[in-house]
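One structure is given below, encoded as structure tokens.
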Amino acid sequence: MEGPTPVSAMIHAATMVTAGLYLLLRCSAIIVLSPQTLQFIFVFGFITVLLTSFLGAWQYDIKKVIAFSTCSQLGYMMTIIGSSYFSLGFFHLLTHAFFKALLFLAAGGVIHAMQGEQDLRRLAGSLSGTGFKKIKFIFLYGAFSLGTLALVGFFFFAGYYSKENILFALTLTNNSAIGLTALVILSASVLLTSYYSFRLVWLLFFAPHKASARFYQAHLNLSIDCYTRSSLSLLMFFSIFAGFCLKTAVLSSFLLDSVIASAVQSFSSLELLPVTAKILPSVLILVGFYLATQQRYTTQAQQH
């Protein structure tokens, strides 16, 4: 996270941090033969979700907030792989690449505009008011907002089709104590992810204008080149439509058809879930949004 933001976008969205996960998917035919290995991956996954969700909620650096959300989503993927839903793990890996790269590149645009500043305690309110009315910052706001909606799993965005199905699958297949523990932790993570993700958007674009933000509003760097805008536009498109367009192809498991058939067949049972189980993630997202909009910093924190 100390490197250039485009590098952060690449390694966190699609390469370095997902390499181990992709290796597990490629070796799934071997892993599925060992229940102990699957159990270890399962436990390791939901512990990762628990730790990184709480750590992300306490971060103030823009890029570190997004980075901890990456670790949390990788925990989701590990948990579902440990439950033998290899196709669903791959599906979330695929959709995650689009909206996480979008968030990192949008964060890079904000950091560039703010003269390299990344601390939310200093930037709170900087892009609200007069700064937000600039047309190029409306573009950044759109990228940040769409990436956030996809990350939290809002209706019909890319994350909705992959992330929420992970919770639904765990609801169906894990009746043991450890399975219920994982389900509770992942559900709590939905609330925390919604909180710190919407907090980021709220503090940057909607927080009340404070005196500490005047310096950044007075020195806004408005240069956003056409290559950045085109990249953000492409990622915004996939962050909205990738889940809907790819769900049938990926979850039908033609990419991993040699692994396990029962994981795919069980998706036909998702329609049998009770209504409360289906709407719980959406309720948690809304609660996280409400808590984020109540975020305030004291004068001392703003001057930190």
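FYI, it's all coordinate maths here, none of it is from the lab. Every value quoted in this text rests on a predicted model; they were computed, and no experiment measured them. As a convention, Cβ positions derive from the backbone with ideal geometry for all residues, glycine included, and neighbour counts pool all protein chains shown.
Full extension of the chain between Asp61 and Ser145 yields a length gain of 28.5 nm, computed as 0.36 nm times the residue separation minus the alpha carbon distance. Proximity of backbone amide H atoms, modeled 1.01 Å from N, is registered between Phe154 and Tyr160 at under 5 Å, excluding neighbours fewer than 5 places apart on the same chain.
Less than 5 angstrom separates the built amide H of Asp61 from those of Leu120, all sequence-distant by 5 or more or on a different chain. Scoring 102-114, 55-67, 25-37 by mean Cβ neighbours within 10 Å over their residues and listing the highest first yields 102-114, 55-67, 25-37.
If the chain linking Ser176 and Met10 were pulled fully straight, counting 0.36 nm for each residue of separation and taking away their Cα-Cα distance, it would gain 56.0 nm. Our estimate of slack between Gln115 and Val184, defined as 0.36 nm per intervening residue step minus the Cα-Cα distance, is 20.7 nm.
A simple spin-label model places the labels of Phe156 and Val32 3.4 nm from each other, with each point 7 Å out along Cα-to-Cβ.
Here the label points at Phe54 and Thr293, each 7 Å from Cα along the C-beta direction, are separated by 2.9 nm in the simple model. Rounded to the nearest whole Hz, the Karplus-based 3J(HN,Hα) values (6.51 cos²θ - 1.76 cosθ + 1.60, θ = phi - 60°) of the stretch 142-148 follow the sequence x, 5, 5, 5, 5, x, 5, with x at glycine and proline.
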